[in-house]
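All of the numbers you see were taken from the coordinates with simple rules; none came from a lab. These numbers were taken from a predicted model, which means no experiment stands behind them. Cβ sites come from the backbone with ideal geometry, for glycine too, and all protein chains shown count toward neighbours.
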Amino acid sequence: MDFGPYLIRPERWTELPPRWGEAFGREAPLCVEIGFGNGEFLAEMAKTHADRNWVGFETSLTCIVKTGRKLRQSGVENVRLALLDGKFGLRELFADGSVAQVFVNFPCPWPKARHAERRLVDEDFAQTLAAVLAEGGEFQLVTDALWYAEEAAGHLAAAGLALEGPFPLADGPGTRYERKWRARGLSVWKLVARNREPKTVKRIAEGAMPHAKVPTKFERLKIEGLAGKKETWEGGAVVLKEVFLSAHAEAALIRAFAIDGDFTQQFFLIVSRIPEGVIVQLDGATVPFRTPAVKRAVSLVAEELSR
């Protein structure tokens with residue numbers, strides 16, 4: 001697997017934000033690309049700026065595989081890739097004032113009004129940048145949609161970042177998407193935002209693994225009745241979807257969804273017998289980030305079983 005040496009699994013880390021020097025085996029300025037696509041820009045930048053540590057976020061496994069191949073061919077070792085929503089990753093995995101540069105090239109602008117909440121650069125993202133970027137650190141956005149760059153500039157300015165642009169870009173990042181836009185005669189725009197002074201942002205992920213012990217019997221019917229249970233609150237939700245019992249009814253696997261704001265995770269919970277009753281914990285094969293909604297899923301199962 002070409003991507004093997006580069007792939008990280010931050011959801012399994014027990015310390016968040018992590019010590020990036022340990023992940024790379026060296027201390028160096030941190031640079032981040034969100035949505036690296038096929039990896040052309042990330043591979044070139046990591047090779048050109050070998051004195052920096054590069055972290056890339058993508059939600060497509062295909063992109064991870066293709067980028068890993070490019071990195072291997074380039075011979076670079078200063079890159080780590082995460083199969084993760086970059087908006088969440090930037091906030092949760094980097095300490096305040098720890099990032100030198102953040103790059104976003106040709107994000108989907110989601111032009112329809114009903115899809116506005118899907119746009120990457122919004123008020124929350126701007127607040128994250130204002131926290132994680134070092135003093136003088138910069139964010140660079142490249143897009144073919146001028147209106148998107150202008151909207152992003154408004155959010156960034158409101159967060160206190162100093163702006164340059166948006167301005168037309170004659171020579172862009174050289175990605176497949178840029179070649180596509182220019183072949184259609186479209187203009188490419190760049191926006192640069194620099195941080196004056198790092199602020200702070202609320203983070204929700206923790207490293208500790210939640211579990212709950214319940215002094216009750218392992219009752220098959222009660223456990224099967226967990227399927228379909230849900231709980232919602234402002235900004236979050238938990239849904240227990242399906243229950244799978246082991247052959248001898250010694251343990252149960254529960255498929256669950258947890259929603260924290262705009263970040264959704266699917267994972268499994270295990271309910272198993274212990275001498276003092278039952279224990280509810282996360283399944284080791286599908287470890288999620290330990291967010292408030294994930295912890296609430298554990299508590300919800302424990303509460304239902306204790307009734």
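Structure data summary
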item	result
Lys/Arg +1, Asp/Glu -1 at C-beta; segment 211-306 dipole; positive extreme among 286, 258, 271	271
Fewest-first ranking of 70, 112, using other Cβ atoms within 10 Å as the exposure measure	112, 70
Segment 228-280 versus segment 127-144: alpha-carbon centroid distance in Å	37 Å
Full-stretch length increase - residue 151, residue 44 - with 0.36 nm per residue and alpha-carbon distance subtracted	35.6 nm
Student exercise, the chain dipole from Lys, Arg, Asp, Glu Cβ charges, in Debye to nearest 20	720 debye
Mean shadow area of segment 211-306, taken as a quarter of the surface of its Cα convex hull (nm²)	5.6 nm²
Extended-chain gain in nm, criterion 0.36 nm per residue less alpha-carbon gap, residue 250 and residue 221	9.1 nm
Residue among 273, 184, 80 with the largest mean-square fluctuation in a Gaussian network model of the chain, springs linking Cα atoms under 10 Å	184
Given (i) 69, 42, 38; (ii) 49, 45, 35; (iii) 74, 42, 40, the label whose value is Cα extents along the principal axes in Å derived from this model	(i)
Likely footprinting exposure, 96, 85, 262, fewest C-beta neighbours within 10 Å first	262, 96, 85
Degrees separating the helix 123-132 axis from the principal Cα axis of the chain, which is the longest one	80 degrees
Karplus-derived 3J(HN,Hα), 6.51/-1.76/1.60, for each residue of segment 221-236, Hz, glycine and proline x	5, 5, 5, 4, x, 6, 4, x, 5, 8, 8, 10, 8, 4, x, x
Spatially proximal aspartates and glutamates relative to residue 229 (Cα-Cα < 20 Å; intrachain offsets below 8 disregarded)	219, 242, 260, 283, 303, 304
In Hz, Karplus ³J(HN,Hα) per residue of segment 27-37 (6.51, -1.76, 1.60; θ = phi - 60°; x = Gly, Pro)	9, 6, x, 9, 10, 10, 10, 9, x, 7, x
Placed amide H near residue 102: partners under 5 Å, 5+ positions off or other chain	32, 138, 139, 140
Principal-axis tilt of helix 61-74 within the chain, Cα atoms, nearest 10 degrees	50 degrees
Sorted by Cβ neighbour density within 10 Å, fewest at the top, the residues 90, 61	61, 90
For segment 1-102, radius of gyration divided by Kirkwood radius, i.e. Rg to Rh on alpha-carbons	0.92
Within segment 211-306: Cβ-based charge dipole about Cα centre, in debye rounded to nearest 20 (Lys, Arg +1; Asp, Glu -1)	160 debye
Residue among 284, 136, 56 with the largest mean-square fluctuation in a Gaussian network model of the chain, springs linking Cα atoms under 10 Å	284
Spatially proximal aspartates and glutamates relative to residue 47 (Cα-Cα < 15 Å; intrachain offsets below 8 disregarded)	33, 77
Highest-fluctuation residue, 20, 189, 181 considered, GNM on the chain with Cα pairs under 10 Å	181
For the chain: relative contact order, % (alpha-carbon pairs under 8 angstrom, 6 or more apart)	15 percent
